[in-house]
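Beneath this line is the structure, given in structure tokens, with notes to follow.
The values are calculated or read from the model by the stated rules, or taken from the named source; none is laboratory data. Computed from a predicted structure; not experimentally measured. When we count neighbours, we look across all protein chains shown, and the Cβ atoms used for this are built from the backbone with ideal geometry, even at glycine. Heads up: the accessible areas ignore ligands, DNA and RNA and are worked out on the full protein's heavy atoms, side chains in. Shrake-Rupley method; radii C 1.70, N 1.55, O 1.52, S 1.80 Å.
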Amino acid sequence: MPVSSPPTSADFLSRLALGTVQFGLDYGINNTAGRPSDAAVHAVLRTAQAAGITLLDTAAAYGDSEVRLGHWLSEQSPTAPPFQVVTKLAAGPAAQVQHQLQESRARLRQPAVYGVMFHSFGAFREQEAGWEALREARSEGLVQRIGLSLYHPQEAAWLLETGLDADLVQVPFNVLDQRFGLILPKLARRGVEVHVRSAFLQGLLLRDPVALPAFFAPLAPKLTRLRGLAQEANVPLPALLLQFAAYAPGVARLVVGVDSVANLQENVAAGAFSLPAEHLRPELLALAETTDEFILPYAWPPRS
């Protein structure tokens, strides 16, 4: 992994953020169970809290995720370890953005949140006046960091070139999708807190290479090689994928979505493994896809 010394389990956990899209939507190509029950959501949150995870990632567009989080957060003891929350809104006119943020905070039952991002860079560029509403929210203490959820490296390059005062971004990053690899350290040096998502590429990287849907069949050799690297390193495949993303240069947080306690515990356990960095790094970097066909889920066929 791209680190100078072996990471510790505590360091790994400090980099994890719990993604909550699965709490509100039937999400992921490996999802066969649908949305988890309230009891399952609460069990996941309790387990994350006990493990030392301190950040929750959600969005107004994630079904009723904010509502379910707000219900649980409002019932926490004042002495319980607090969660910080990052949510995402649709870009629009300033008044609309202010209203959306007010509604999100109401659903979350939180007077303030850690971070707010616009969900779409394209929509933000069409309604840049809405950025002022985020600035005002930050200056009023309603949010600590403001920024953008990005999908393409040229969007991050625009942010750097224009000097936009964003201090939070979220981008996809995994062994197949390394498009942002070179620009993440530049963002971090500018004071932008970088969160990465899609370490498992919606579960695709965990699929059995011999049982891939036809659309993904060309990826079978890379997924087979990926499994071979995990076996050579004597670590579980999820641990390999999570540490690759969490310790990429410039990354502050890795957002990982789960739908069960067992799933979360597997992710938490990934920090206990020590990976042979110098051996694995060039091998994993070589797995990067050079086209967007397989790494952008919005381009996939339905239920691939």
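So, R0 is 35 Å and r is the distance between the beta-carbons of GLN265 and GLN96; what FRET efficiency does that work out to, to 0.05? So, using R0 = 35 Å, E works out to roughly 0.30.
Working note: 222 nm ellipticity from helices only, DSSP H runs with n ≥ 4, each -39,500 (n - 2.57), summed and divided by the residues of the chain, gives -11500 deg cm²/dmol to the nearest 500. Length available on full extension from ASP208 to ALA112: 0.36 nm per residue minus the Cα-Cα distance, which gives 30.3 nm. Stretching the chain fully between ARG227 and SER74 yields a gain of 50.9 nm (0.36 nm per residue, less the alpha carbon separation). Extending 7 Å from the Cα toward the beta-carbon at both ARG135 and ALA43 defines two label points whose distance is 4.8 nm.
Among 104-112, 247-255, sorting by the average number of other beta carbon atoms lying within 10 angstrom of each residue, highest first, gives 247-255, 104-112.
Take region 48-187 with all the other protein chains still there, run a 1.4 Å probe, and you get 40 Å² of accessible area per residue. For the chain, the membrane-span-like helices by this rule, meaning whole DSSP H stretches whose C-alpha atoms cover at least 15 Å of axis and whose Kyte-Doolittle mean is 0.5 or above, are 38-51; this says nothing about an actual membrane.
Estimated from the Cβ-Cβ distance and a Förster radius of 35 angstrom, the FRET efficiency linking LEU182 and ALA220 is about 0.80.
Along the chain, counting only GluC sites (Glu not before Pro) with a DSSP assignment other than H, G, I, E or B and at most 15 other Cβ atoms inside a 10 Å radius, the longest segment between sites is 141-292.
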